[in-house]
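Here is the structure we will look at, set down as C-alpha cells.
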Amino acid sequence: MTLTDAEMIPPKKEVNSQEAILKAAIEEFAERGVDGARIESVARQAKFNKSLIYRYFNDKHGLFEAALKSKLEERSENVEKIPIDIEEVLQFYFEENLRDQNYVRVLLNEAQQNEGAPLIDEPWRREYYQNHINRVKQSQADGTISDEFDPVSLMLIFTALVFFPATLPQLAQMISGHSVDSEEFKVIWKECLGTIAKLLQPDE
C-alpha cells in the first residue's frame, strides 16, 4: 500500500520531523545511492509529507548533504569514547564501522557522486582527521609508535584497515571464509590489528 501526501502524518515538531526525515534519508542513500534514491521513498519511510522534505532541504542533493552531515556529527559525538592505545583505537573503529554500515555506504556514495566539488563540511572533516594525525604524532613522541613512520601515511593505513571489512565485506568473506559480522571474523581481524600495532612499536 502506498501512502499519498494527504495520508502521511503531518509534523508535530520541526526538529523531530527533520530527525525522522534524515534517518530515513540515510537508509535510502545507503541502499540506493544518490542517483537511485527517491524523495517519495524517504517521505514514506519517515511518514511525513514529501513537500516538507523539499521545504527543509530544497532538493535531493540538499537532502544528501544534510544526511551525510548528520552522520558526521553523530560520529564526532563519539570522540570521547575513543581509547588512547593504538591497538584499542584500531579495534574500536573497526567495530564502529561494522556497527554503522550505513555511514560507510553513504561515504562510498559520496565518493562515487563527487566530481571535484568541495566536500560536505570539508574544513571540519580535515580538522577531525588532523586531530587523529596529532594523536599518532603524540604516540610517536611518547615512544609507543616508532617515529620512523610518516604519521600521515600511518593515518591512511589505519583508515584503510578499519574500513576494509565494512567497505568490501564480500571480499573479506571470500578471503577469510567468514562473514564480517561473525564472531570468527571479528576475532581474526582484531588479532590482526593488534599484531600490526605491536609491529609499529619502537625496537627495544
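Once the stretch 34-51 is narrowed to residues that are assigned to a helix (DSSP H, G or I) and without any contact (Cβ under 8 Å) to a residue 24 or more places away in the chain, the residue that is nearest to Asn109 (Cα to Cα) is Gly36.
Taking the conditions (1) modelled with pLDDT of 90 or more; (2) part of a helix (DSSP H, G or I); (3) surrounded by 13 or more Cβ atoms within 10 Å (Cβ to Cβ); (4) of a type outside the set (Lys, Arg) in turn, Leu107 satisfies each one other than (1).
Residues that are surrounded by 12 or more Cβ atoms within 10 Å (Cβ to Cβ) and assigned to a helix (DSSP H, G or I) within the stretch 135-152 comprise Arg135, Val136, Lys137, Gln138, Ser139, Gln140, Pro151, Val152, listed in sequence order.
Residue by residue, here is whether (1) in contact with a Ser or Thr (Cβ under 6 Å, 6 or more places away or on another chain); (2) assigned by TED's automatic domain parsing to the domain that holds Gly194; (3) modelled with pLDDT of 90 or more holds:
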| site | (1), (2), (3) |
| --- | --- |
| Lys50 | no, no, no |
| Ile53 | no, no, yes |
| Phe57 | no, no, yes |
| His61 | no, no, no |
| Ile84 | no, yes, no |
| Leu90 | no, yes, yes |
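Residues checked against (1) closer than 26 Å to Arg126 by Cβ; (2) surrounded by fewer than 18 Cβ atoms within 10 Å (Cβ to Cβ):
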{"position": "Val42", "(1), (2)": "no, no"}
{"position": "Lys47", "(1), (2)": "no, yes"}
{"position": "Ser51", "(1), (2)": "no, yes"}
{"position": "Tyr54", "(1), (2)": "no, yes"}
{"position": "Phe64", "(1), (2)": "yes, no"}
{"position": "Ala67", "(1), (2)": "yes, no"}
{"position": "Asp85", "(1), (2)": "yes, yes"}
{"position": "Glu88", "(1), (2)": "yes, yes"}
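The values are calculated or read from the model by the stated rules, or taken from the named source; none is laboratory data. Only a predicted model underlies this, so the values are computations on that prediction, with no experimental measurement involved. Note that each Cβ is placed from the backbone with ideal geometry, even for glycine, and that neighbours are counted across all protein chains shown.
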